[in-house]
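As structure tokens, the structure follows; a few thoughts come after it.
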Amino acid sequence: MSGGADAKLFARGKVAELKIELESGGKKDKNHSAKKIALKKIVANMTMNNNDMILLFPDVLNQMAIPSLDIKKMCFLYLVNYARIKPEIALKALPVLLNDLEDGNPLIRALALRTISYVHVREFVEASVAPTRKLLKDNDAYVRKTACYCVAKLYDHDRITVENSNLIDLLNNMLRDENPTVVSSALASLTDMWQRNDNIKLTIEYDSASKVVQILPDCNEWGQTYILEALMNYVPQNTNEATLLAERIAPRLSHTNSAVVLTCIRVLLYLFNYIADSKVIDGLCAKLSPPLVTLLSKGPEIQYLALRNALLILQRRPDILRNDIRVFFCKYNDPIYVKVTKLEIIFMLATEKNIREVLNELREYSTEIDVHFVRKSVRAIGKLAIKIENAAKPCIDTLLELVATKVTYIVQEATVVIRNIFRKYPNKYESVISTLCEHLDSLDEPEAKAAMVWIIGEYADRIENSNELLDDFLFTFKEETYEVQLALLTATVKLFIQRPTKGAEIVQKVLKWATEESDHPDLRERGFFYWRLLSYPDTTVAKKVVMCEKPTITAESEKLDAVTLEEMCLNVGTLATVYLKPVQQVFRHARPRRLQESPALQRRASSAQLAVGRPGPLAVDVNGQHGAAVGVGHPGQANLAAAVDAADEYFAGVGPQSMANLRVGDDNLMSPVGGAGEQGGMIVNAYSPQHAAPRGTPHQNDDLLL
Amino acid sequence: MAGAASALFLLDIKGHVLIWRDYRGDVTAAQAERFFIKHLEKEGDPQSQDPVVYDNGITYMFIQHNNVYLMTASRQNCNATSLLLFLHRLVDVFKHYFEVLEEESLRDNFVVVYELLDEVMDFGFPQYTEGKILSEFIKTDAYRMEVTQRPPMAVTNAVSWRSEGIRYKKNEVFLDVVESVNILVNSNGQIIRSDVVGALKMRTYLTGMPECKLGLNDRILLEAQGRAAKGKAIDLDDIKFHQCVRLARFENDRTISFIPPDGAFDLMTYRLSTQVKPLIWVEAQVEKHSRSRIEIMVKARSQFKERRVVYSVLFVSNPLQKVDSEVGSLFAL
């Protein structure tokens, strides 16, 4: 088709001139071509945000009645654009629109209906109720389809008016329409309203579900997604129903439209919850894998969405992609957002069996040019060591190879993850410390510094010159971030405890800095605490507290908790799966979707997991541990115990969750900092010195993983 | 969950709004433009940007085509795949109309663009994106005739991709198979993964509403018919069909039956993961002479049969893009 040449009309027009142009032409202007050009200029100016165009409102409305589709369309566009700013003038357009709703041409009827329902002005909304009712029964499917959406639009403008009319009932009746497109439009419209109001119930019985599945092939691709989405409101009452329906929609997986495919996967995953026979589920699951892999050969944007959803599906149904780890290996020209997501999936699919292959791959990623991606790859290697115990050795070897490259950001990242590996497997891989010590000078990021300092402190007795190394760090103590300062404080105390003669001098220096010169409350508090602890005559107490056994860390923290995972699986393909956060956290007004009760609903064997996922009991656990630590024999123990009791009484009225947190906070001030801080990552807490000591999960990892 | 776009934007390369269409009245153009310009400045290289960005309660999704960005804004948890794919379809529609989609062609045809935006999406829900059928009732100036009496049946019909009443004197069908081979090789020259993505491209010039059928030497089909597959059958990992193909029918008896659209289209695409020997094997050796001198030797060896001749072999050298001195030492081709 050939194009127009209207770019020249994008010149700032003057109202007075345009007004004259619009009125020109008269009877000689047979095809209204002069008017058309004037209108085009006005629309061009509107596009450029020339708000003077509002002044032409009455003049434009005068052209509306001209029987020319082009002119009408431009006038309608203008009307929709400016009606909210000048509602009183817009009203003049109403008679023309109402007249067009009766036009003999279905195109014009639909156009008028679409336009009238876009105008958010009370009179327009009220005036369009009756025509919508009528046009829902129009003899042209195109008009009926438009009317279906119109109901949702009116509902958006004015809920009460729609609820007081019988429009929703009529829309419901449209589900029996003979035309598939109309049915899918009615479903889209109903789901839209359902989503915005908790009072609207949308239940689909098996018969209706079966009927809409029947017409699925006769809808266009978008219509198919609306039907599939609506099926999420169907609650199977028995296993057979669910199985039958799942088998009937499965052919959609071969549709060329990726949205149809992903939405179909969503419905299938949903129906699985109601199918008792695991063989049936396995059979259907086997059909899900190939389409998911195929999505990875689409454009990068679609790939990205497919990958985000694969992350979910893998957690819920690990068998689906189990053997396909290679398809997730990055191509050199994948965009970075695709690479990063693939990395997360590779991490998830890594097992003892494929660890060699995975490490080779990750090692290559670690020498890519994108710094961000390299860091994540290094971090993934470290986390794999923690996730798979038998893989720890090869992981560390790979990390050391990478450290040997001497690229500063790789060394720093590796230092941080090796610290975590030490945490997980104490007294096992200390031989690598010397290699790390060779690269002290390249550390300039706080996190890496803190990690190295922690390692030195923890193994102070095994590192020959640990006091000198620490002293080197102390040289710049006052310029360091609090994170590093806290780490240094703890490390020097550990040094002193393990090697009293070598550490005596520097520990005094650091304690003095921390308590007298620092303006950071955590640092001072902790300084005071150590000071008192160390001045206690019985030195074994200090040793017991500071060098205590640390809670173990895991690499599984990136997994979604069961509740969120279940919700995410009901939202496959939607935006929430890109963010991987509970729907209402991102979309505050969204109506949450939950698995509905039914006799067919399968109980999950892993319901015990639910409890673990919740923070409540965990906080209490932590609390218990700390209590034990305090009992070691702190001087002010009796008083503190009394104070804690009093506090307990006071907070008895507060909800259990917040109380647990507060108590953890109290305890932290007097508990072994070396061990307590680590737990802090799990609980949001104002008091706990979170930056004090290495945490199990480094806090850059807020985004799910790595 | 259902949920729809609030607005659709066509933006220029710097992020300024060229044309936009408001569908729900809860996102303004100024808001979107401010976000997007800031986003472009912050992110730099547009190729590496995450296509889904959340800002201040609104989710923006965008794709780039030539010097134009197409972007949807939404406040609901909408079907992300659907909207992103819709943007791609929109590019096809615009290309069908203006041949090239770029800033100039959008401005030159802004009235038609507005009309299309009104038709392809209603209340933020994608409606109809068949360029060929759309152009039967939304026409550019050059082809414009007075009032079309009614929307083409195809818009709401079960056969939404073909108009009725098409006539040819000579009925012809052309079939092409185009395959592309994807191979992932690690730096040791080991093939990690290889697969083939193929498309069956069809071109039909047929009269009326023709019913077509196509057979494949697909292993599952042949075995079902009791014909032993003798080396000629293939295992297709995954098949995707154009919307004209009756999927349920294929599921039942592996027959591909369809009423084709008029003209060119991809009937099916497929993927098979097999060991493929690359036609041309490329090896690279990198030698670093000094901080500023690097020698790269690339060897290319053909691996196909002698009697075959290959045309238009194109070598793409990957220039050392965006490599700073620190990373330079690490860079491997």
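We did not get these values from a lab; they are worked out from the coordinates using the rules stated. Everything quoted here is computed from the prediction, not taken from an experiment. Because the Cβ atoms are built from the backbone with ideal geometry, glycine has one as well, and the counts that use them run over all protein chains shown.
Calculate one ³J(HN,Hα) per residue across segment B:180-185 by plugging θ = phi - 60° into the Karplus curve 6.51 cos²θ - 1.76 cosθ + 1.60, and present them in order as whole Hz with x for glycine and proline.
Values per residue, Gly and Pro as x: 10, 9, 10, 10, 10, 10 Hz.
For residue B:52, which sequence-distant residues (separation of 5 or more, or a different chain) have an amide H within less than 5 Å of its own amide H, given hydrogens modelled in the peptide plane?
Result for residue B:52 returns nothing.
Does segment A:230-380 come out rounded, prolate or oblate, given a ≥ b ≥ c as the square roots of the eigenvalues of its C-alpha gyration tensor, rounded meaning a/c under 1.5 and, failing that, prolate meaning a/b above b/c?
prolate
Convert each backbone phi in segment A:320-333 into a coupling constant with the Karplus relation 6.51 cos²θ - 1.76 cosθ + 1.60 (shift: θ = phi - 60°), then list the ³J(HN,Hα) values in order as whole Hz, x for Gly and Pro.
Rounded to whole hertz, the list is 4, 10, 3, 8, 10, 4, 5, 5, 9, 5, 6, 8, 4, 9.
Which pairs, out of A:353/A:494; A:342/A:449; A:339/B:14; B:42/B:277, put more than 32 Å between their alpha-carbon atoms? Mind showing how you got there, number by number?
On the way: A:353/A:494 39 Å; A:342/A:449 29 Å; A:339/B:14 26 Å; B:42/B:277 43 Å.
From the list (A:353/A:494; A:342/A:449; A:339/B:14; B:42/B:277), the Cα-Cα distance tops 32 Å for A:353/A:494; B:42/B:277.
Under 5 Å between amide hydrogens, which residues at least 5 positions from residue B:19 or on another chain qualify, with H placed 1.01 Å from N in the peptide plane?
Answer set, sorted by chain and number: B:10.
Under a Cβ-Cβ cut-off of 12 Å, what is the net charge of the residues other than residue A:422 that fall near it, where Lys and Arg count +1 and Asp and Glu count -1?
With Lys, Arg at +1 and Asp, Glu at -1, the net is +4.
Name the shape class, rounded, prolate or oblate, that the alpha-carbon gyration tensor gives for segment A:461-555, where a ≥ b ≥ c are the square roots of its eigenvalues, rounded holds for a/c under 1.5, and otherwise prolate holds if a/b is larger than b/c and oblate otherwise. If you can, show how the numbers build up before the last one.
Details: a/c = 1.18, a/b = 1.18, b/c = 1.00.
It comes out rounded by the Cα gyration axes.
Within 10 Å of each candidate Cβ there may be at most 14 other Cβ atoms; applying that plus a DSSP loop requirement, which GluC sites (Glu not before Pro) in segment A:399-470 survive? Write down the numbers at each step before the final one.
Working: sites: A:401, A:413, A:430, A:438, A:447, A:458, A:464, A:468; in loops: A:438, A:464.
For GluC sites (Glu not before Pro) across segment A:399-470 that sit outside H, G, I, E and B with at most 14 neighbouring Cβ atoms in 10 Å, the list reads A:438, A:464.
Using the number of other C-beta atoms within 10 angstrom as an exposure proxy, rank B:83, B:116 with the fewest first.
Ascending number of Cβ neighbours within 10 Å: B:116, B:83.
Select from segment A:157-251 those trypsin sites (Lys or Arg not before Pro) which occupy a DSSP coil region and have at most 11 other Cβ atoms within 10 Å, ordered by residue number.
Hits after loop and neighbour filter: A:201.
Which loop-located GluC sites (Glu not before Pro) does segment A:534-563 contain, where loop means any DSSP state but H, G, I, E or B and the Cβ has at most 14 other Cβ atoms within 10 Å?
A:549
Taking the Cα centre of each part, how many Å lie between segment A:435-450 and segment A:257-290?
Each part's Cα centre sits 49 Å from the other's.
From the Cα gyration tensor of segment A:125-202, with a ≥ b ≥ c the square roots of its eigenvalues, which class applies: rounded if a/c is under 1.5, or else prolate if a/b is larger than b/c, or else oblate?
Cα axes put segment A:125-202 in the oblate bin.
What are the lysines whose alpha-carbon lies under 20 Å from the alpha-carbon of residue B:240, with same-chain residues fewer than 8 places away excluded?
List returned: A:287, A:298, B:201, B:213.
Label-point separation (nm) for residue A:133 and residue B:16, each offset 7 Å from Cα along Cα-to-Cβ?
5.0
Using the Cβ atoms and a cut-off under 15 Å, what net charge is assigned to the surroundings of residue A:52, where Lys and Arg are +1 and Asp and Glu are -1?
+2
P(r) for segment B:255-294, please, calculated from all Cα pair distances in 10 Å bins and given in %.
16, 21, 18, 19, 12, 10, 4
For segment A:83-97, what does the Karplus curve 6.51 cos²θ - 1.76 cosθ + 1.60, with θ = phi - 60°, yield as ³J(HN,Hα) per residue in whole Hz, taken in order and with x for Gly and Pro?
Each residue of segment A:83-97 in turn: 4, 5, 7, 10, x, 5, 6, 4, 4, 5, 7, 4, x, 4, 4 Hz.
Summing +1 for each Lys or Arg and -1 for each Asp or Glu, what net charge is found among the other residues whose Cβ lies under 13 Å from the Cβ of residue A:242?
Values: positive: A:248; negative: A:241, A:247, A:277.
Overall, the nearby charge balance is -2.
Report, in listed order, any pair from A:86/A:153; A:145/B:132; A:393/A:581; A:73/B:38; A:72/A:137 with a Cα-Cα distance greater than 32 Å.
From A:86/A:153; A:145/B:132; A:393/A:581; A:73/B:38; A:72/A:137, over 32 Å: A:393/A:581; A:73/B:38.
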